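Okay, structure first, notes after.
The values are calculated or read from the model by the stated rules, or taken from the named source; none is laboratory data. Since the model is a prediction, treat every value here as computed from it, not as a measurement. Cβ sites come from the backbone with ideal geometry, for glycine too, and all protein chains shown count toward neighbours. Only protein heavy atoms, including side chains, enter the accessible area calculation; ligands, DNA and RNA are left aside. Shrake-Rupley method; radii C 1.70, N 1.55, O 1.52, S 1.80 Å.
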Amino acid sequence: MSTKVGDLSLIGLSSVQEPLIKQKHTPENYSVLAAIPPFLFPALGTFLFGYEIGATSCATISIKSPTLSGISWYNLSSVDVGIITSGSLYGALIGSIVAFSIADIIGRRKGLITAAFLYLIGAIVTAVAPVFPVLIIGRVVYGIGVGLTMHAAPMYIAETAPSQIRGRMISLKEFSTVFGMVGGYGIGSLWVTVISGWRYMYATVIPIPVIMAIGMCWLPASPRWLLLRTLQGKGDVESFQEEAIKSLRRLRGSVVVDRAAEQVDEILAELSSVGEDKEATICELFQGKCLKALTIAGGLVLFQQITGQPSVLYYAPSILQTAGFSAATDATRISILLGLLKLAMTGVAIIVIDKLGRRPLLLGGVSGMVLSLFLMGSYYIFYNNVPAVAVAALLLYVGCYQLSFGPISWLMMSEIFPLKLRGRGISIAVLVNFGTNALVTFAFSPLKELLGAGILFCVFGVICVLSLFFIYFIVPETKGLTLEEIEAKCL
């Protein structure tokens, strides 16, 4: 007998549609110890992303040194160094495109296992590269792993975390990225004075993707992805449903052993009530609730990049040096200082995000960014003999960014899309993120020459003001809601 897609009677549920999304849902029971591994192993992938950013900033110093590079092709042009720096970004763009095609077919767990394998290959090839082209191949392969990770990690965490702590868990992913960045700066500063130190910077991280792959092989598949496959008739209904029950028991711990089957039935019913039992088409991404979700997620990651974050960090060393900090040779230490500030402020966001909500942090944090950008602009236009203004603006900007756009853009991206199009929707949002990052990075220098630093920072401030209107009128509050309730109430 063939199973008709969406026929809930075949899996023990009534086909009569009732108001399944309750106004007040019962908080999910879970074990804290059981909730840690589903966050920890995907977060290793985001740690590797952050580490690459920090380590590469030091590696480009080492690889250009005639005495310390340990290679004969150290005389690299600025274009060559730019390719090294942006190689992983190009790979991430490729990874985002690949994820669009395969994400909902192979699932979040297998996507992260694939990313771990690419991280491992990319790190090894980069560390042992005998010539420049091989180095770039290693950087691009590593970057593809980044693209797959930044797509699959937030999805897996969002779909497996209890709703009460989902915001905190996904924000911890951002914490892991920043922690990796600080680690990359720190490890890089240790190896930067050693012959062939750039090779050791990339080799140091090789064990981590191995641990990530082993951990993801041990973890279960996302129960919501399994149930989506069930509803859409992609396999044997009973086996998928049984696997989802086992997955939920492992993810929540012993406290839900007796209720796992009941919770799976509730999730199935809620998914069906919001239309997840119908096969998704690409055109649906640009229609109805999916278009609204794409507007919210794409808008947040777009504003995350075009409000000046790469440019402000670019100026950070020179601003702190002007204020009387150490000479240019201590730029790495300055980067570590800013990384620690980012880490601390991300920690604050993690603590309060599930208490205050997403919108208050976004509105408050971005308002602080507006003030800091106009202060930065005024420093370069009017007050360049008062470096304290620039330092205060820099610290305010970094802190407010990590309270708002830093963690919350990725959080909203991972929870706002309907399940059946979550994979493709997040792929497009990640593509927008990395594509805009590349555009801002490449456009910064000519814009600085054309407008001057002061005017450019004021322009970023105006864009920040526009983002406040976008957040206030478009972005919903999702605090405490299950993923199914978000789809029913917010889209």
Fill in: Accessible surface of the chain [probe 1.4 Å, protein heavy atoms]: carbon and sulfur percent
68
Worksheet item: Using the eigenvalues of the Cα gyration tensor, what equivalent ellipsoid semi-axes result for the range 149-218 when each is taken as the square root of five times the eigenvalue, whole Å, largest first?
Response: 30, 15, 8
Fill in: Centroid-to-centroid separation of the range 210-230 and the range 445-479 [C-alpha atoms, Å]
38
Practice prompt. Step through the table entries 110/292; 292/342; 246/355; 64/173; 292/420, compare each Cα-Cα distance with 23 Å, and write down the pairs that go over it.
Written response: 110/292; 292/342; 246/355; 64/173
Item to complete: Mind pulling the per residue volume of the convex hull built on the Cα atoms of the chain? Å³ is fine.
Response: 139
Worksheet entry | Computed helical MRE - 222 nm, the chain, DSSP H runs ≥ 4 contributing -39500 (n - 2.57), nearest 500 | -25500 deg cm²/dmol
Worksheet, complete the sentence: For the range 404-462, inverting the pair-averaged 1/r of distinct alpha-carbon atoms gives a Kirkwood value in Å of 13.5
Practice prompt. Using the heavy atoms of the protein chains and a 1.4 angstrom probe, tell me the accessible area per residue for the chain in square angstrom.
Written response: 40
Worksheet item: Using Cα atoms only, what is the angle between the long axis of helix 331-356 and the major principal axis of the chain, expressed in degrees (0 to 90) to the nearest 10?
Response: 30
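Which order do the peptides 206-218, 134-146, 454-466 take when ranked by the mean count of other beta-carbon atoms within 10 Å per residue, highest first?
My ranking of the peptides, most packed first, is 134-146, 454-466, 206-218.
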Worksheet entry | the chain: relative contact order as a whole-number percent, Cα under 8 Å and 6+ apart | 22
Worksheet item: If you place +1 on the Cβ of every Lys and Arg and -1 on the Cβ of every Asp and Glu, how big does the dipole about the Cα centre of the chain come out, in debye to the nearest 20?
Response: 640
Worksheet item: Taking only Cα atoms, what is the 0 to 90° angle, nearest 10, from helix 260-273's long axis to the longest principal axis of the chain?
Response: 80
Item to complete: Please give the peptides 421-430, 77-86, 435-444, 391-400 ranked by average Cβ packing (other Cβ atoms within 10 Å per residue), highest first, as a rough proxy for protection.
Response: 421-430, 391-400, 435-444, 77-86
Worksheet item: Taking the inverse of the average 1/r across all pairs of different Cα atoms in the range 353-415, what Kirkwood radius in Å do you get?
Response: 12.4
Practice prompt. Give the angle, between 0 and 90 degrees and rounded to the nearest 10, that separates the Cα long axis of helix 422-451 from the longest principal axis of the Cα atoms of the chain.
Written response: 20
Discussion item. Give me the net charge for the shell around residue 117: Cβ to Cβ below 15 angstrom, other residues only, Lys and Arg +1, Asp and Glu -1.
Written reply: +2
Practice prompt. Starting from the amide H of residue 479, placed 1.01 Å from N in the peptide plane, find each other amide H under 5 Å away whose residue is 5 or more places distant or on another chain.
Written response: 358
Practice prompt. Starting with the highest mean, order 467-474, 412-419 by the number of other Cβ atoms within 10 Å, averaged over the residues of each peptide.
Written response: 412-419, 467-474
Item to complete: Count the net charge of all other residues whose Cβ sits under 12 Å from the Cβ of residue 239, scoring Lys and Arg as +1 and Asp and Glu as -1.
Response: -1
